[in-house]
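Presented below is the structure to which this report refers.
The values are calculated or read from the model by the stated rules, or taken from the named source; none is laboratory data. Quick caveat, the model's predicted, so the values are computed rather than measured. Here the Cβ positions follow ideal geometry from the backbone for every residue, glycine too, while neighbour counts run over all protein chains shown. SASA here: full protein model, heavy atoms, side chains in, ligands and nucleic acids out. Shrake-Rupley method; radii C 1.70, N 1.55, O 1.52, S 1.80 Å.
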Amino acid sequence: MQIASLENVVFGYGSVPSLNEASMAIHAGEFIAVTGPNGASKTTLLKLALGLLKPWSGEVYLAKLGASGKKLVIGYVPQQIAAFNSGFPSTVLEFVRSGAYESGAWLRRLRPQERARAEEALRQVGMWEQRGRKIGELSGGQKQRVCIARALAQQPDLLVMDEPTTGMDEASRKGFYELMHHHVQAHGRTVVMVTHGLEEVRPYLDRIIELERKGEGGWKCCTTTSCSGHFAPEALSL
Amino acid sequence: MLHYDFMQRAFCAGGIIALVASVLGVHLMLRRQALMADMLSHVSLAGVAAGAYLGWNPSYAGFAAAVAGAIAVEYIRRSYRAYSEMSIAIIMIGGLSGAVVLMGLNKGMNKSFSSYLFGSVVAVNETELILMLAAAAVGAIFFILLRRPLYQIAFDEETAQTNGIPVRPISMLFSIVTGMIVAAAMPIVGVLLVSALIVLPAALAVRLARSFAAALIIAMLVGMAGVFTGLTASYELGTPPGGTIALFLLALLILGIVLKKASVIAGKLGNRQNLTIISKHQTGQPAQNGAFPRIKSNKLAAPATHTHGGTENESYV
């Protein structure tokens, strides 16, 4: 099942396009890494796929329903989201719980299973012991993990993360890749992440989407590489 | 003091506005729009001046101008996403210059404008009290019903949008509510100090609170304390209420910051003593490094089949 796709998308911030005729497809149950040099529009690519930016031309598709037939739930961890105001008045647990509500459930109290979901997500990223701390008091790597926990608490069908391992040490990065792999394998989630540390994450991946410069003028397009081991090639359309 | 009708009205209106203005202030601070209240008060003043010039009710005109200014700032903010304070500067210039020109055209009314500039408990008439109650009711409903989306938007708009929250309509409503509350607070503290009622309680609350809910409660308590003590002092000393309330709020902020600093220093001293005791007795436990929990390697090595719908309770920490 295709969750999101871009077809011949052109987009730029000034008059010159930074992405030119970029195409990619994301299928349910994949663990994908998006990579490329600095300035290769990796973040832009993710934002276009999520509908946060409108392309100049080309087609963007984002599924409305997940594999379960319910409304598609998206977890998004933007680049350097952890660099939030250090004074943001919120405890770690309060912040992660804000992701556990079902979409549109703005009035009712948190259900026990939603509380459990938030707590489980915090344990998964190793931050349960820090649940009572103010998020602004955490280190960069801890903040990043709290943001990931919040996204996991949503039980997303599609989890999109922009350089999520920034500020993490090597052991934490490995633990993080294993956790994402587990969510893909055991829970059928789709994980897309921008990363520069491709070699570390490669064993866990299904596919790599690489942004490459094509010709002059900062034009780029996507090439995809299947990773052996986990991926079913027939699911790829590009 | 409270046997006077105008003081009863001032306390009633001031208390209600302090509650919603403080909550508004917390959201404005976290959205990095703390100057918005100042800007809208200047726009509201232009509305008051325009109303007086055109023969309309100045209170209604000021109210309408603040709401229109709030809508305008939301549109301009989207054009200057990376520099959202730019939108505030642009509208503030428009509001203040318009107010100055229109006040110049109403030379005979300069005296009544001073009550709008500096606030006056006597200036709180029936019309303004009704406007305040309406603004407070709308504000309270807005902040209660949309507390969860507002929290998420305050943290990060893009994340909120991907979570399915209608960020644009809610931001627009937030701006309109801001305009309403600013216009409603003007008669009490005046144009020049309306932002004090909104920003100062929030500034202290954000500093003291550990959780978002606590920040809102502290802001409301500080706002109410500042308004009631300020109004009382203003009555006793015969000073303008706006300035007096702002000074009391400022004093509370400074006191709160000093106490917080003192508690942090005391905590550090306590920790240092504890560390010394631990090193003396050689009983230090290895610090928890907070590393990412690892999943057992046999799980990773298992055949990579995509089995959808596993249980969330599975332990792999």
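Things worth noting here:
- Cut-off 15 Å between beta-carbons: net charge of the residues surrounding residue B:9, Lys and Arg +1, Asp and Glu -1: -3
- 3J(HN,Hα) from dihedral phi, region B:135-140, Karplus parametrisation 6.51/-1.76/1.60, rounded to Hz, x for glycine, proline: 5, 5, 5, 4, x, 5
- For the residues of A:169-181, the average number of beta carbons from a partner chain within 10 Å of their own beta carbon is 4.
- Cut-off under 5 Å, modelled amide H: who pairs with residue A:27 long-range: A:3
- Above-threshold pairs, the threshold being 20 Å between Cα atoms, out of A:143/A:174; A:47/A:70; A:134/B:261: A:47/A:70
- Across region B:227-233, rounded Karplus estimates of 3J(HN,Hα) from the backbone phi angles (6.51 cos²θ - 1.76 cosθ + 1.60, θ = phi - 60°) give 5, 5, 5, x, 5, 4, 5 Hz, Gly and Pro being marked x.
- Rolling a 1.4 Å probe across all protein chains gives residue A:13 an accessible area of roughly 150 Å².
- A cut-off of 5 Å between modelled amide H atoms, ignoring neighbours fewer than 5 places along the same chain, links residue A:161 with A:77, A:192, A:193, A:194.
- If you take the Cα centroid of region A:1-63 and the Cα centroid of region B:180-204, the two points sit 44 Å apart.
- Spatial separation of Cα centroids for region B:1-66 and region A:116-138, in angstrom: 40
- Backbone HN-Hα couplings from phi across region A:198-211 [Karplus 6.51/-1.76/1.60, Hz, Gly and Pro as x]: 5, 5, 5, 8, 3, x, 9, 7, 9, 7, 10, 9, 10, 9
- Surrounding net charge for residue A:91, when Lys and Arg each add one and Asp and Glu each subtract one, Cβ distance under 12 Å: +3
- Exercise: per-residue mean of other protein chain Cβ atoms within 10 Å, A:116-129: 3
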